[in-house]
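Single-structure report; data block below.
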Amino acid sequence: MKDLPRVFLPPDAFVDGKVTLDGEAFHHLCRVLRLKEGDRLYALDGQGQLAHVTLDAIAKAQATGTVTGSEPALGEPPIPITLAAAIPKGERWEWILQKATELGVSRILPLMTSRTVVQIDPKKAADKQTRWQKIVIEAAEQCERGRIPEVMAPMSLGSFVASPPPGLTLACLERAGSSLFAALEAAPRPEGITVLVGPEGGFTPQEADQLLAMGARGVSLGTRILRAETASLAILTMLAYHYELR
Ligand code: SAM
């Protein structure tokens with residue numbers, strides 16, 4: 001596949017074999033990359049389809065193009081993975097969003113636990129979620145994902161435990177976890193996987209018990225204690241190896 005610019009567009013941008021580019025997509029493609037009429041690009045609908053587009057007309061704030069072909073988008077893991085991670089301090093959360101997207105997550109759930117230091121002001125939560133989603137979209141375009149991972153609204157561990165997700169749930173427990181690979185072998189084809197990673201101070205013993213009582217498998221990532229962001233990326237890499245690369 002040729003190395004053409006890629007952009008995710010909303011579903012209503014695709015009508016009768018034509019696409020309309022406006023807003024950030026227009027700015028990026030026509031102002032930053034300076035695409036011209038006749039140039040080609042890939043437009044993704046975020047639902048798993050990749051369209052081949054040729055630009056027909058470029059106006060002041062909008063461009064239109066013709067879809068010349070389409071194919072299923074690549075870049076998606078065979079099993080949807082949700083990363084439910086406690087928000088660490090500083091820039092590390094945004095780093096996790098970007099890297100987790102590259103490693104194939106379908107959803108990212110910011111988890112509020114007893115020892116989570118970062119508190120989200122409810123008045124700023126929507127703005128933060130929008131910013132986080134933007135980081136994920138940019139990462140998804142850059143790494144050639146077929147779908148945009150969803151950044152969910154922050155959730156307390158108590159609410160998470162009250163409505164367990166379907167599929168396999170893996171709680172990363174640095175001192176009480178057992179073999180990750182045994183857990184994966186015991187559930188050969190789960191409908192989805194949710195991975196929980198604690199904050200800098202770890203899950204409290206009560207939280208770990210709650211997760212295990214809910215049905216999560218406690219898993220170890222080895223004998224070293226990893227920083228929270230390392231643990232998130234380590235388990236996502238191990239899952240990518242297990243489901244996509246073996
Ligand atoms: N303060 C904790 C301690 O000293 O025991 C360490 C917490 S660790 C920095 C942050 C999170 O990363 C943990 O809650 C856990 O989810 C995950 N984690 C780190 N190392 C791990 C390991 N070896 N196995 C499983 N999970 C790990």
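The values are calculated or read from the model by the stated rules, or taken from the named source; none is laboratory data. Since the structure is predicted, the reported quantities are computational estimates derived from the model, not experimental observations. Here Cβ is always computed from backbone atoms with ideal geometry, including for glycine, and neighbour counts include all displayed protein chains.
Couple of notes before you dig in:
- Among residues of the range 73-84 that are under 16 Å from Y241 (Cβ atoms), those with a Cβ under 8 angstrom from a residue that is acidic (D, E) and not in a loop (DSSP other than H, G, I, E, B), sequence gap 6+ or separate chain, pair up as P77/E244; P78/E244.
- Test: S178 is more than 7 Å from the ligand (Cβ to nearest atom), of a type in the set (S, T, Y) and touching a Cys at 6+ places or on another chain (Cβ under 9 Å): no
- Yes/no for E200 being away from the ligand (no atom under 14 Å from the Cβ), of a type outside the set (F, W, Y) and out of contact with any Leu (no Cβ under 8 Å at 6 or more places or on another chain): no
- Cross-chain or 6+ apart pairs with Cβ under 7 Å, the range 223-236 first and assigned by TED's automatic domain parsing to the domain that holds R107 and under 15 Å from G90 (Cβ atoms), then of a type in the set (F, W, Y) and assigned to a helix (DSSP H, G or I): E229/W95
- Test for A228: is it near the ligand (Cβ under 9 Å from one of its atoms) and modelled with pLDDT of 95 or more: yes
- Of the set (1) touching a Lys or Arg at 6+ places or on another chain (Cβ under 7 Å); (2) within 19 Å of T101 (Cβ to Cβ); (3) assigned to a helix (DSSP H, G or I); (4) not β-branched (V, I, T), all apply to A140 but (1).
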